[in-house]
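Below is one structure, written out as structure tokens, with a few remarks after it.
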Amino acid sequence: MKGERLIEVEDFEVLKLFEDISEEARKEKLAVPPINKLLYWWTRKPLVVGRALALLSTIPAPKDGGMTPEKIGEVVAEVRRLIGLNPNERAYKSHPDSEGYRKLLDFDPSSVLVMDPFAGQGNLMFEVAGLGLKAIAMDYNPVAYVLMKAILEYPKKYPNLAEDVEKYGKELIERTKKELGKFYEREGRKALNYIWCWCIRCPYCGQRVPLTNQMWLDKNRKIGYRFKVTEDKNFEVEIGVLSEEEGNSYTQKGGNAICINCRNTISYEHMTRDIAERRDKELIAVVVKNRRGKDFELPSEEDYRNFEEAVRYLKENWDRFLEEDLIPTEDLKEDWRCSRPSTYGLRKWHEVFTERQLLVMITLLKNIREIAREIEDREYAKVVATYLAFMLCNHVNNNCIGVPWNVGRSETEHALTFRCPRIVYNFAEVNPFIEARGSLPNILNNIVKGIEFVVRGRIQNDPELKLGSALNPNNFSKVDLIITDPPYLDDVAYGEISEFFYVWLYRALKDYYPELPQPTPIDEDLVLSKGRFGGNESLAKAFYINGMKKAFKNIYNALKDDGLLVVIFAHSSPEAWNMLLEILREAKFRITSSYVVHTESIANVLARGKTSFMSSIIVPCRKITEEKEAYYESLIPQVESEIKKILDRIKSEDELLEIPITDLLIMTYGKVLEVLTQYTKIKSYDPNFKPDFEGLIKDARDLILRELVRKITGKSPKALGPETSFLLVAKIFYGGKLPSDEALKLSKAYGVKIEALRNYLRRGKDGITLLSFKEAKLPSKPEEVSKDNLYQQLLFLEKVAFESGVSAVKTILQRYDNFKPSDVERIVDLLLKSYAIKQNKGVKLSNKEKEEMEILKGMQDVLRGKFVRVGEKTLEDYFT
């Protein structure tokens with residue numbers, strides 16, 4: 001693909017397009033495309049992002065001479081249409097206009113090879129194949145590989161697949177129900193779920209203590225449970241309407257338990273040791289189906305008897321199940337970042353279930369094998385077995401001891417809600433045979449819809465799918481374009497966590513997929529996992545970085561000389577960016593542009609005061625084919641110039657205030673990398689020079705923060721005042737809440753110590769929070785207010801307006817010359833705009849924010865009015 005592509009053009013229209021893509025990605029995340037429900041996968045880029053990147057990376061930029069803002073705007077408008085950005089319908093539901101796409105190209109799309117060597121479930125290549133480009137998707141993880149087959153290959157190959165999977169899926173449910181349904185039958189209303197608590201013995205009084213972090217079953221209806229101590233040191237359960245205090249009470253929180261009898265605190269060590277040794281659990285409530293929806297009952301004798309009979313049946317058939325390889329006896333691999341199941345004595349994968357849950361999984365596995373063997377066409381049996389195995393794996397995720405009960409929605413969550421399986425003290429068990437979230441009928445319905453979504457002509461060319469490592473050069477072919485979302489440091493330990501599914505998937509499919517390894521391979525699984533190195537983080541980090549360098553060298557060799565690499569990177573720390581710089585420079589790639597995409601709701605982010613959220617930078621790169629060198633000293637002004645251009649590209653103040661601070665920082669890091677990756681060798685006039693690229697990235701961060709103040713106030717941080725600069729940016733761009741490390745970085749940028757701001761903020765374990773005018777420590781008299789501290793002036797005037805009305809503000813401004821009305825007016829305008837933007841994005845303002853906004857509106861009217869300070873002469877005075 002010779003010539004510049006649209007994604008390499010740095011223009012405001014393209015920047016605005018990425019903002020629209022981000023908005024659509026957030027909506028898609030809430031809607032959840034059907035293919036994302038086939039099986040949980042940890043990192044899935046939204047389909048709209050995949051389509052947008054495929055379009056922007058292949059559509060040529062307007063040629064020299066035609067590169068006018070108007071021409072770029074025309075092309076971007078057509079791209080927006082091809083993406084399917086439509087407020088009335090989600091983009092992922094629309095089919096791309098292939099003919100319209102071809103008209104914008106300077107090549108035949110079927111001749112272009114596009115690869116993702118870290119494909120995951122294949123979302124990026126799904127849209128590539130949908131546009132008629134030739135896609136190659138590869139992943140090292142076998143669960144991801146099977147998912148790719150189920151999404152990118154089988155639905156296109158077999159047009160009637162959805163109907164057949166539905167038929168065989170129903171057969172699987174019926175066979176399993178015929179064998180195990182008796183363990184869920186009960187008089188009266190049908191059970192949807194069973195709520196359990198792990199129990200321990202109090203080391204002080206011997207009381208049996210159920211562990212729960214709250215007492216609610218349905219918080220909206222105020223229904224929950226109480227524990228009543230019995231004489232034999234056991235407990236009884238009562239279900240009914242609770243007060244707020246009762247519902248929020250607990251017997252376990254923050255790592256410790258509280259005895260329900262003697263009220264002593266029980267240590268985490270005792271709690272985990274007791275669970276590991278005794279495995280004591282109690283069924284405390286049954287969720288039942290009624291005409292209105294759901295209700296809650298105490299377990300009946302029949303409920304207890306059913307469970308005990310299931311336990312007995314499992315024990316009686318244990319040896320047979322082992323002999324038939326129906327029980328996953330593999331050791332539980334642990335991700336050190338999650339709560340570690342071994343702490344609770346759970347060391348095998350079959351131990352993350354109750355006996356009845358495990359019996360369901362074993363029976364499903366047995367019946368999948370039998371149904372697949374009954375299909376005469378072995379290749380088609382493989383395909384059907386794949387989706388039936390997904391039913392099993394989905395049920396594993398929805399019916400184990402790691403499944404929490406959502407008291408707000410009164411339904412179960414899946415075990416990987418926390419991204420890795422963990423023990424839940426008050427967990428929920430699903431009735432597998434009744435229509436409910438996580439049940440087999442519900443899971444089958446989702447899988448059928450996922451297949452139907454793909455079957456409808458979504459994929460034009462047959463993608464090439466590979467199970468392989470990016471560290472092996474033999475797994476690569478010469479390609480025109482690589483679009484990839486590589487693993488991010490310690491984000492997900494795929495090899496360890498995917499075993500949650502793979503121990504079942506492998507047993508169901510090993511006869512059909514001879515290429516599947518056992519166990520899940522981790523030797524070339526590129527992730528920073530301390531557990532693989534005995535807890536040694538430096539060894540784990542070295543493995544990750546060296547592996548990524550090797551992978552990107554393979555990517556370089558696979559890419560044609562005029563090819564394009566598009567990397568999606570999602571870390572916000574300067575250290576991570578320095579690592580990416582090191583990887584790209586060593587592989588001899590140069591960055592040509594950078595854009596940001598974020599997928600989490602801005603309303604959620606701002607409401608939580610969270611700034612480091614699901615933001616990703618899109619980094620297009622070209623191969624460096626000839627050596628190029630520069631002096632480090634000459635690069636510094638280049639970096640400064642490029643950073644200033646970031647803000648220059650943003651046309652209005654309102655648009656700037658809408659951009660999350662994380663996006664500005666990520667764009668800044670991208671600019672640093674753009675400059676530094678242009679050169680294969682960087683020298684210095686200083687003979688003792690040691691390149692400090694991480695320091696340069698941090699300096700760039702400070703620069704963009706200083707320029708941000710200049711852009712929104714018209715003054716430098718020095719002229720505005722370091723205290724005001726810090727507090728104003730913290731209030732507008734961080735929502736008044738900053739993690740401690742962010743606060744330190746911000747204070748460094750403006751040259752102010754956090755301690756010097758103690759009158760205006762409160763420190764806590766989660767960081768710092770700005771104080772309102774009611775909470776801040778302010779002077780008591782107007783004449784004591786600092787003329788050099790605009791933020792103090794602002795809060796003081798807010799307090800006066802609240803206590804005495806806005807007319808008192810006017811009086812103070814007329815009488816005291818230590819206030820700067822025009823500068824205060826500017827800040828008031830900014831704050832009101834930022835509040836309006838929050839509301840437009842759906843953020844619910846706090847009562848404090850609403851109160852301040854109303855006060856600021858009144859102050860704005862006063863500040864915009866004409867007034868003269870006492871003692872000052874007007875122009876009229878000179879002529880009278």
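The values are calculated or read from the model by the stated rules, or taken from the named source; none is laboratory data. Model, not experiment: these values are computed from the prediction. Note that each Cβ is placed from the backbone with ideal geometry, even for glycine, and that neighbours are counted across all protein chains shown. Keep in mind that these areas ignore ligands, DNA and RNA; they rest on the heavy atoms of the full protein, side chains included. Shrake-Rupley method; radii C 1.70, N 1.55, O 1.52, S 1.80 Å.
Taking residues in segment 14-28 that are in contact (Cβ under 8 Å) with a residue 24 or more places away in the chain and open to solvent by less than 10 Å² (accessible area, probe 1.4 Å), and partners anywhere that are of a type in the set (Asp, Glu) and assigned to a helix (DSSP H, G or I), the pairs with Cβ atoms closer than 9 Å and at least 6 places apart or on different chains are Ser22/Asp663.
Scanning segment 783-799 for residues that are over 20 Å from Asp861 (Cβ atoms), over 38 Å from the mean Cα position of the chain (by Cα) and not polar (S, T, N, Q) yields Glu783, Glu784, Val785, Lys787, Asp788. Which ones in segment 728-765 are open to solvent by 60 Å² or more (accessible area, probe 1.4 Å) and acidic (Asp, Glu)? Passing the criteria: Asp741, Glu755.
Within 27 Å of Glu496 (Cβ to Cβ), open to solvent by 10 Å² or more (accessible area, probe 1.4 Å) and in a helix (DSSP H, G or I): does that describe Asn474? Criteria met by Asn474.
In segment 83-134, the residue that is nearest to Lys2 (Cα to Cα) out of those that are open to solvent by 50 Å² or more (accessible area, probe 1.4 Å) and polar (S, T, N, Q) is Ser111.
When only residues in segment 632-647 that are hydrophobic (A, V, I, L, M, F, W, C) and buried (at least 16 other Cβ atoms within 10 Å of the Cβ) count, which is nearest to Gln678 (Cα to Cα)? Walk me through how you get there before you give the answer.
Initially, segment 632-647 is screened for residues hydrophobic (A, V, I, L, M, F, W, C), giving 635-636, 639, 643, 646-647.
So of that shortlist, the ones also buried (at least 16 other Cβ atoms within 10 Å of the Cβ) come out as 635, 639, 643, 646-647.
Working: Leu635: 10, Val639: 12, Ile643: 16, Ile646: 19, Leu647: 22 Å.
Restricting to residues being hydrophobic (A, V, I, L, M, F, W, C) and buried (at least 16 other Cβ atoms within 10 Å of the Cβ), the top hit is Leu635.
Taken over segment 211-235, residues that are open to solvent by 30 Å² or more (accessible area, probe 1.4 Å) and over 16 Å from Pro404 (Cα atoms) amount to 12. How do the pairs read when you match residues in segment 437-455 that are in contact (Cβ under 8 Å) with a residue 40 or more places away in the chain and under 19 Å from Glu174 (Cβ atoms) with residues anywhere that are surrounded by 22 or more Cβ atoms within 10 Å (Cβ to Cβ) and hydroxyl-bearing (Ser, Thr, Tyr), using Cβ under 7 Å and keeping only pairs 6 or more apart or on different chains? Hits for this filter: Gly438/Thr412; Ile447/Tyr387.
So Lys170 fits all but one of (1) outside any loop (DSSP other than H, G, I, E, B); (2) surrounded by 19 or more Cβ atoms within 10 Å (Cβ to Cβ); what number is the exception? Of the numbered conditions (1) outside any loop (DSSP other than H, G, I, E, B); (2) surrounded by 19 or more Cβ atoms within 10 Å (Cβ to Cβ), the odd one out for Lys170 is (2). Of all residues in segment 787-810, those being buried (at least 16 other Cβ atoms within 10 Å of the Cβ) and either of a type in the set (Ser, Thr, Tyr) or not in a helix (DSSP H, G or I) (or both) number 2. Could you grab me the full set of residues in segment 424-476 that are in contact with a Pro (Cβ under 6 Å, 6 or more places away or on another chain) and β-branched (Val, Ile, Thr)? Selection gives Val424, Ile451, Val454, Val455.
Screening Pro660 on (1) under 30 Å from Lys737 (Cα atoms); (2) open to solvent by 70 Å² or more (accessible area, probe 1.4 Å) shows it passes everything except condition (2). Screening Lys560 against (1) touching a residue at least 12 places away in the same chain (Cβ under 8 Å); (2) open to solvent by 40 Å² or more (accessible area, probe 1.4 Å); (3) out of contact with any strand residue (DSSP E or B) (no Cβ under 9 Å at 6 or more places or on another chain) leaves a single unmet condition, (3). As a summary of the residue check, Ile327 satisfies the conditions (1) open to solvent by less than 30 Å² (accessible area, probe 1.4 Å); (2) of a type outside the set (S, T, N, Q); (3) assigned to a helix (DSSP H, G or I); (4) free of Cβ contacts under 8 Å to residues at least 40 places away in the same chain except for the one numbered (3). The sole residue among Glu70, Glu78 that is acidic (Asp, Glu), farther than 30 Å from Glu496 by Cα, modelled with pLDDT of 90 or more and surrounded by fewer than 18 Cβ atoms within 10 Å (Cβ to Cβ) is Glu78.
For (1) assigned to a loop (DSSP other than H, G, I, E, B); (2) farther than 25 Å from Lys219 by Cβ; (3) open to solvent by 40 Å² or more (accessible area, probe 1.4 Å); (4) not polar (S, T, N, Q), each residue gets a yes or a no:
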site: Val237; (1), (2), (3), (4): no, no, no, yes
site: Glu246; (1), (2), (3), (4): no, no, yes, yes
site: Tyr250; (1), (2), (3), (4): yes, no, yes, yes
site: Ala257; (1), (2), (3), (4): no, no, no, yes
site: Asn261; (1), (2), (3), (4): yes, yes, yes, no
site: Glu269; (1), (2), (3), (4): no, yes, yes, yes
site: Arg273; (1), (2), (3), (4): no, yes, yes, yes
site: Ala276; (1), (2), (3), (4): no, yes, no, yes
site: Val286; (1), (2), (3), (4): no, no, no, yes
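Going residue by residue through segment 201-209, is there one that turns out to be under 30 Å from Phe227 (Cα atoms), open to solvent by less than 10 Å² (accessible area, probe 1.4 Å), in contact (Cβ under 8 Å) with a residue 24 or more places away in the chain and among the aliphatic types (A, V, I, L, M)?
Let us first name the residues in segment 201-209 that are under 30 Å from Phe227 (Cα atoms), namely 201-209.
Now restrict to residues that are open to solvent by less than 10 Å² (accessible area, probe 1.4 Å): 202, 207, 209.
From what is left, the residues that are in contact (Cβ under 8 Å) with a residue 24 or more places away in the chain are 202, 207, 209.
With among the aliphatic types (A, V, I, L, M) added as a condition, the list becomes 209.
Yes: one or more hits.
Looking only at segment 541-555, decide whether some residue is over 21 Å from Ala54 (Cβ atoms), open to solvent by 60 Å² or more (accessible area, probe 1.4 Å) and hydroxyl-bearing (Ser, Thr, Tyr). No - not one qualifying residue is present in segment 541-555.
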